[in-house]
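Report on the structure given below.
Just so it is clear, none of the values below were taken in a lab; they were calculated from the coordinates. On a predicted model such as this, the values are computed, not experimentally measured, just so you know. Backbone-built Cβ (ideal geometry, glycine too); neighbour counts: all protein chains shown.
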Amino acid sequence: MHEWLQKIDHHFPVRYTAWLLCAIGLLLFGFTWVAFGRGGPAALACLFLTALGWRDTRQRRHSVLRNYPVIGHLRFLAEFVRIEIRQYFIESDNETTPFSRTQRSLVYQRAKGAADKRPFGTQLDVQAGGYEWINHSIAPVHIASHDFRILIGAGGTSCTQPYSASVFNISAMSFGALSANAILALNGGAKRGNFAHDTGEGSISQHHRVHGGDLIWEIGSGYFGCRDEAGRFSEERFVTNALDPQVKMIEIKLSQGAKPGHGGVLPGAKVTAEIAAARGVEPGVDCVSPASHSAFATPLELMHFIERLRRLSGGKPTGFKLCIGHPWEWFAICKAMLETGILPDFIVIDGAEGGTGAAPLEFTDHVGAPLQEGLLLVHNTLVGLNLRARIRIGCAGKVVSAFDIVRARALGADWCNAARGFMFALGCLQAQTCHSGHCPTGVTTQDPARQRALVVPDKIERVWRFHDNTLRALKELVQAAGLTHPDQITAAHIVRRVGDSDVRLLAHQLGFVKPGALLAAIEGRADWPHGVFKLFWPLAAADRYSALEPANGPA
């Protein structure tokens, strides 16, 4: 239904339809009264539509109705009909496009504080390949608090301001991609729930500062918020933002899951004065994010840039985010760590299943490593180099439930970020028109009329409740497993069905590396722990991202 609304809305703003219907009703009423001396039914219909439209535009619960008075009710009717038809004749609630109705409903219920329980057993096929579960304990424990936290920046680097982070935070979404009201609501929810809000590469806007929620400042290749007039990195402007107490961590964006290796352009027509002020660019001029960074060009230079930002920020945790591509490039970064002795405080792994406001279809569907493979490679490499205890790992990629967090923890993550999950909490309908400026709920638009649909105080509560209720569900899973903190979850706790009959522990299926195993192989004291290391580690060099020629010539 929302897709149909969007198609019409390109030609005629549907939010005006209610008032058009009322005007037509008044004309019909007047005509019938003059012509026939009575207009009872038309008058009643007119009054009803007018009253309903007036109520819809002023209620605060449904963003769709604020933007689409009267006609927006058709969406709820169509949704009901679609559910009934689909459930019995077409598809299940667990089919993902890209998020299933079950996943979205879970977020909506937790965000609203509604019951999130399910009757009648699982709808998943527990006998199908790929089905996963966490083993429980017959002696479950009781945990006093669901406020699970980890300390980032205590790994022996030059970090002097470690950050105690929640295990579940808001992933990178820029002001510009999201509306001002969406940013206000997300940061207000982060403040209330004491968790972190990643700014995205669009930098820190005035809307990020209103509520004072903790910020992870993401710095992309455009150096927005810390650039000079030529678009190069500016120490002076970086320091101005980085020393702000609201900024808790500095994150260098190397690539993102939805379109790794691809830059971006925000057309000048969309670069408003507010967006320009946040990014440090000229209003009305195309805002370019290059595909690669200009402040560093090699893994060694990346390490020195990390140390430079950590020093300039006053010792705040500094790290980088990437989607894994060529394995030798990741290994080159690791070799640079070993050669310089400089370590990031954290690394965030973005899965290729991650979302974005706009990306070419080929990049969305076929570029970058999915979260499982990328996260596992990074975790295994750091474990094999005896660096894992000093570097925290975050991850993002379709994380919306407590089991998603548990599974990511089993693969090696210390914490999870979510973008679209928190968008659902704001009221996103998965209309998938984020790039058009015609978002029906005011989440991903700069249109002031559409933004008003998103009532900030109400959405702050929903953002907070979604986070809070997800961590409460995580607490119940951890308790059931007989553990006291998500940090204790390992791949030995997760079981996956392989094919229709074979069941294996995740640890046995995926092949986790033992501490120091990669160092031993490098020094010739042991065999390579995995084929990917044997094949690609010799191709990596700390002074370049390009692969070296194999010792025995091209393959």
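So the values come out like this:
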read-out	value
Cross-link reach list, lysines versus residue 191, counting only Cα pairs under 16 Å and skipping chain neighbours closer than eight places	248, 459
Inter-part distance where region 111-172 and region 288-357 are each reduced to a Cα centre, Å	26
Long-range HN-HN contacts of residue 148 with modeled amide H, under 5 Å	167
Computed label-point distance, nm, for sites residue 145 and residue 362 using a 7 Å Cα→Cβ extension	5.1
HN-Hα J in Hz across region 385-400 - Karplus 6.51, -1.76, 1.60, θ = phi - 60°, x for Gly and Pro	9, 6, 10, 4, 5, 9, 10, 7, 10, x, 8, 8, x, 6, 9, 9
Nonlocal amide H pairs with residue 174, under 5 Å, H built at 1.01 Å	201, 202
Amide H within-cut-off set for residue 253, under 5 Å, with H built and near neighbours excluded	219, 220, 321
Whichever lysines have a C-alpha closer than 20 Å to that of residue 253, once near sequence neighbours (fewer than 8 apart) are set aside	316, 321, 335, 398
R0 of 22 Å, Cβ-Cβ distance residue 210-residue 282: FRET efficiency to nearest 0.05	0.35
Shape of region 130-209, Cα gyration tensor, a/c cut at 1.5	prolate
³J(HN,Hα), Karplus 6.51/-1.76/1.60, whole Hz, each residue of region 375-380, x for Gly, Pro	5, 5, 5, 5, 4, 4
Descending semi-axes in whole angstrom, ellipsoid equivalent of region 149-498, from the Cα gyration tensor	28, 25, 19
Computed FRET value (nearest 0.05) for residue 131 with residue 488, which takes r as the C-beta separation and R₀ as 30 Å	0.80
